[in-house]
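Q: Pasting a structure here, questions to come.
The values are calculated or read from the model by the stated rules, or taken from the named source; none is laboratory data. What you see is a predicted model; the values in this text were computed from it and never measured. Note that we place each Cβ from the backbone using ideal geometry, even for glycine, and neighbour counts take in every protein chain shown.
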Amino acid sequence: MLTHEATYGGRPLLPPDLVVELGRRAPALTELVADRVRTDVPDLAGPRTDRRHRRLAGAATVATHHFLELARGRARSPVPVYQLFRQVGYGEAVEGHGLGPVRAALRIAAHEAWSTVREFASEHTLTANDLGLLGDALFDLLIHVDEQVVHGHAMAEHALDRDVGRARARLLDALLGGADRPRLDAEAARAEWPVPASVVVLAATFHGTLRLDGVPDQVLARTTSSPAVLVCDAALADQVVGRLRSAAPDVRVVVAWPVPAEEVGAAHAWCTRVLGLVDQGVIAPAPVLWCRDHRTQVWLHADPVLRAPLRDELLQPLLDATPHARDILSETFLAWLETRASAPALAHRLGVHPQTVRYRWKRINELFGSALQDPEFLLLATMLLRSSVLRTSVPRPDPLSRPPPPG
């Protein structure tokens with residue numbers, strides 16, 4: 001590739017006084033380009049003080065100075081200019097941006113710079129040959145800096161592909177986003193993470209910083225905020241739970257059941273829903289919660305718009321009761337639905353006197369009557385009561401709750 005010095009041989013393109021005059025137009029040109037970029041390139045619409053704008057502005061300033069030096073006929077190495085534009089491309093890639101926005105900005109700069117040169121040539125009655133030489137120098141420079149942006153971006157992409165940590169972060173994004181198997185396999189290869197036959201998703205709430213001491217290297221994890229999300233081979237799930245609990249005793253871990261890699265996004269949604277149901281008092285709080293033990297709640301709460309009318313239709317007599325009566329009758333009704341046991345057996349299970357169970361059962365019969373003979377009603381009532389949708393009493397104590405700060 002020829003340098004500008006080889007192309008133009010160091011001969012002046014303009015008299016010195018005209019180069020000075022052209023240089024005076026550079027600040028206005030810079031302002032115009034910056035405004036147009038912020039208006040016409042949505043991805044670069046941020047303030048001029050942000051890092052991307054500063055990076056572009058710095059490179060553009062050096063390129064402008066280099067062009068003016070070419071016009072003077074001074075042989076200057078273009079290497080510093082090229083390095084800056086390589087850094088622009090590299091920075092865009094590292095920050096997760098494609099080439100489109102910065103190359104669009106370069107096209108705007110090329111258009112406005114050429115307009116400025118043409119106006120200058122017209123005002124100073126330059127010859128067509130003079131204008132042609134300036135245009136050649138300008139567009140050769142712009143072509144070269146565009147190539148350097150592309151080169152820098154490619155260098156960063158290559159480096160990122162070789163960065164296993166970043167590759168694993170992208171793989172986790174792909175898993176949570178429901179990417180198809182070909183993309184997952186490609187991301188997994190870059191991340192050096194063999195895709196297991198089945199995986200387990202874990203969500204962990206924590207305070208401060210979550211340390212992963214002793215957690216196997218094969219675990220994909222994002223711990224920047226609570227709840228953290230982890231994905232591992234199903235065979236490692238118990239080990240990961242144990243390590244998390246050992247590293248941070250106040251952590252709450254929710255564990256999904258094993259799924260194929262393509263279903264990680266759904267499993268993560270189940271974990272998130274379980275945490276939400278703990279907050280709502282539907283699921284009793286515990287240090288470790290297994291989604292498989294709460295599948296009914298997860299299922300019924302997946303569509304609250306469908307669940308609420310069903311609850312209101314089938315269990316309205318309980319909803320009309322006082323909160324205390326609602327709780328004890330729901331508890332007794334569910335125990336009977338699950339066991340069909342006698343009053344003494346239910347009393348033993350509930351920790352009350354058999355006569356208390358008989359009284360409660362009498363009230364349940366009064367509330368629901370012949371519906372208790374309907375198998376479909378009994379099935380739906382079991383699911384609704386298992387989801388604890390009627391719980392309204394004082395929240396159950398959380399073993400992980402922190403005591404209030406001293407007054």
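Q: For V255, indicate whether it is closer than 22 Å to M383 by Cα and either buried (at least 20 other Cβ atoms within 10 Å of the Cβ) or touching a His at 6+ places or on another chain (Cβ under 8 Å) (or both).
A: In short, yes.
Q: Here's a follow-up. Of the numbered conditions (1) modelled with pLDDT of 90 or more; (2) crowded, with 16+ Cβ neighbours inside 10 Å, V389 fails exactly one; give the number of that condition.
A: (1)
Q: While we're looking at this one, here's another question. Inside the range 116-159, can you point out the residues that are among the polar types (S, T, N, Q) and free of Cβ contacts under 8 Å to residues at least 40 places away in the same chain?
A: Answer for the range 116-159, where residues must be among the polar types (S, T, N, Q) and free of Cβ contacts under 8 Å to residues at least 40 places away in the same chain: S122, T125, T127, N129.
Q: Sort out for me the helices (runs of 4 or more DSSP H) sitting completely within the range 74-165 that have 2 or more residues that are of a type in the set (S, T, Y).
A: It comes to 79-94, 100-123.
Q: Go through the range 231-257 and count every residue that is closer than 26 Å to A197 by Cβ and in contact (Cβ under 8 Å) with a residue 60 or more places away in the chain.
A: Going through the range 231-257 one residue at a time, the tally reaches 0.
Q: Further, regarding this structure: Which condition number in (1) of a type in the set (A, V, I, L, M, F, W, C); (2) surrounded by 14 or more Cβ atoms within 10 Å (Cβ to Cβ); (3) without any contact (Cβ under 8 Å) to a residue 60 or more places away in the chain; (4) not in a loop (DSSP other than H, G, I, E, B) is the one that C271 fails?
A: It fails just one condition, (3).
Q: While we're looking at this one, here's another question. Looking at (1) touching a residue at least 40 places away in the same chain (Cβ under 8 Å); (2) over 23 Å from the mean Cα position of the chain (by Cα), can you tell me which one G91 breaks?
A: Unmet for G91, out of (1) touching a residue at least 40 places away in the same chain (Cβ under 8 Å); (2) over 23 Å from the mean Cα position of the chain (by Cα): (2).
Q: Any idea how many residues of the range 101-125 are crowded, with 20+ Cβ neighbours inside 10 Å and either among the small types (G, A, S) or more than 36 Å from the chain's Cα centre (by Cα) (or both)?
A: 5
Q: OK, next. Looking at the range 302-357, what helices (runs of 4 or more DSSP H) fall wholly within it and have at least 3 residues that are more than 47 Å from the chain's Cα centre (by Cα) and at pLDDT 90 or above?
A: Hits in the range 302-357: 343-350.
Q: Taking D250 as meeting all but one of (1) assigned to a helix (DSSP H, G or I); (2) loosely packed, with under 15 Cβ neighbours inside 10 Å, write down the number of the exception.
A: Single failed check for D250: (1).
Q: Going by the structure shown, is L172 assigned to a helix (DSSP H, G or I), in contact with a strand residue (DSSP E or B) (Cβ under 7 Å, 6 or more places away or on another chain), over 16 Å from A93 (Cβ atoms) and not assigned by TED's automatic domain parsing to the domain that holds E263?
A: Considered against the rule, which asks whether it is assigned to a helix (DSSP H, G or I), in contact with a strand residue (DSSP E or B) (Cβ under 7 Å, 6 or more places away or on another chain), over 16 Å from A93 (Cβ atoms) and not assigned by TED's automatic domain parsing to the domain that holds E263, L172 comes out as yes.
Q: Can you confirm whether A203 is over 24 Å from V254 (Cβ atoms) and of a type in the set (G, A, S)?
A: The answer is no for A203.
Q: Let me ask something else. Based on what the data block shows, is L14 at pLDDT 90 or above, not polar (S, T, N, Q) and not in a helix (DSSP H, G or I)?
A: yes
Q: Looking only at residues that are touching a Leu at 6+ places or on another chain (Cβ under 7 Å) and either at pLDDT below 90 or part of a loop (DSSP other than H, G, I, E, B) (or both) in the range 188-214, which one is farthest from C232 (Cα to Cα)?
A: So the residue we want is A191.
Q: Among the residues of the range 276-301, write down those that are part of a helix (DSSP H, G or I) and either closer than 20 Å to S330 by Cα or not charged (D, E, K, R) (or both).
A: G276, L277, V278, C291, D293, H294, R295, T296, Q297, V298, W299, L300
Q: So which of V37, V19 is modelled with pLDDT of 90 or more, under 28 Å from the mean Cα position of the chain (by Cα), surrounded by 15 or more Cβ atoms within 10 Å (Cβ to Cβ) and among the β-branched types (V, I, T)?
A: Matching residue, one of V37, V19: V37.
Q: Right, another one. Please count how many residues of the range 230-287 are under 22 Å from A174 (Cα atoms) and either not basic (K, R) or not assigned by TED's automatic domain parsing to the domain that holds Q218 (or both).
A: 28
Q: Under 38 Å from the mean Cα position of the chain (by Cα) and on the phi > 0 side of the Ramachandran plot: is that true of G152 in this structure?
A: no
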